[in-house]
1. Has region A:38-48 got any residue that is surrounded by fewer than 24 Cβ atoms within 10 Å (Cβ to Cβ), in contact with a strand residue (DSSP E or B) (Cβ under 6 Å, 6 or more places away or on another chain) and closer than 14 Å to residue A:231 by Cβ?
2. For region A:95-138, give me the residue count where each residue is more than 29 Å from residue B:57 (Cα to Cα) and either within 14 Å of another protein chain (Cβ to nearest Cβ) or in a helix (DSSP H, G or I) (or both).
3. If only one of A:324, A:319 is touching a residue at least 40 places away in the same chain (Cβ under 8 Å), buried (at least 17 other Cβ atoms within 10 Å of the Cβ) and not in a helix (DSSP H, G or I), which one is it?
4. Can you tell me which residue within region A:44-73, out of those that are assigned to a helix (DSSP H, G or I) and farther than 21 Å from residue A:144 by Cβ, is nearest to the other protein chains (Cβ to nearest Cβ)?
5. Looking only at residues in region A:139-183 that are in a loop (DSSP other than H, G, I, E, B) and more than 19 Å from the chain's Cα centre (by Cα), which one is nearest to the other protein chains (Cβ to nearest Cβ)?
6. Among the numbered criteria (1) buried (at least 24 other Cβ atoms within 10 Å of the Cβ); (2) over 19 Å from residue A:198 (Cα atoms); (3) facing chain A (nearest Cβ under 10 Å), which single criterion is violated by residue B:49?
7. Assuming residue A:310 fulfils every condition listed in (1) surrounded by fewer than 16 Cβ atoms within 10 Å (Cβ to Cβ); (2) outside the structural domain of residue A:167 (by TED's automatic domain parsing) apart from one, which condition is it?
8. Considering B:36, B:82, which residue is within 8 Å of the chain's Cα centre (by Cα) and either surrounded by fewer than 24 Cβ atoms within 10 Å (Cβ to Cβ) or touching a residue at least 24 places away in the same chain (Cβ under 8 Å) (or both)?
């Protein structure tokens, strides 16, 4: 398929690996963070870290939308799902995220009408088909997914659909990045920027990273050659003493983003004063809620929700993994008590979570090393 | 493109098989999928994924689209028409 196959060429990958090696200062350790969970998934799936020299370390960032949802918000969703007559809809990977006591999948087993959807538009269709039932969509995701929810709510309003509402957990990527850059326990040399988020928001929101923190950013595609080339571009900036936002992914990412998507989001959402991120705590103006014009579709207004903050299980170190402080396999319960089949932490649930990606792909390389 | 799956999955891909391109499960909340426009329309168009399965995709944010355009789809909504 165009835009896919040509970016998976193994020989070109080796060439890029050689160019990366040539760009390095052998006496320096480079720590680069990939912000997006999609990159984390690709890095492990294609063994990209195996192609890199030992002094280039990839650190996994907080850009997996499922991983950053705190337990209290899952509990809120479960509470709504248990209301009589409610059809509760969410993305598939959200079903297995543990709340304080159990998951949405467990709630379904207990009798709640919980259904998986791919798109919020699917949830709206269910609402059209079931006018006597309340249909709730549990919205999660960064700026990639928020336009889908916004568009769905615009359609619901235009069609006068009154039995549809949304638990809005949409988050924005810039505030947690700022929080990470302020973190004293993490020294990073550069960032692999989130290609699909930038498709919507453009490159400008990331200018603060070179401007305020002196770190280069390269907005990257998701195929293996994209990621390798982005790493090379970061290293070239570092070697040349440059520090800017570069776009490796212009075939998809326009400099200005998708203005129509931004307009729809601005109409439907407004910033929350603060929102809790798993592992990162409360971050100001880092999440979205429905604007006044769309407040009638806010499930948190329509139903009673506990709204209680729940601490993560003590054994779980998702917070440190999300901040890039530890690697997935350094977590105490990785691969033993916590596996994709029986996840304790969110990072093991989503395929974009660093723990799940590493469990599914990367651990084999480590096992080979051990032998 | 030939031998398209003739059944169209409404407003996304929730009827489709779980594994999509790149090993991502298409029920994941954050998987971007490249699709080909096969039947343009507004506000939704019929698009084919890498496995030639058809999906109904909202295209308002990238309109107008034509047959043969490639679009990047997140959660049933096209967020970018790709440059060819």
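1. no
2. Of the residues in that region, 3 qualify.
3. On inspection, the qualifying residue turns out to be A:324.
4. Restricting to residues being assigned to a helix (DSSP H, G or I) and farther than 21 Å from residue A:144 by Cβ, the top hit is A:48.
5. The selected residue is A:161.
6. (1)
7. Answer for residue A:310: the failing condition is (1).
8. B:36
The values are calculated or read from the model by the stated rules, or taken from the named source; none is laboratory data. Please read all numbers here as calculations on a predicted model, not as lab measurements. Heads up, the Cβs are rebuilt from the backbone with ideal geometry, glycines too, and the neighbour counts pull from every protein chain shown.
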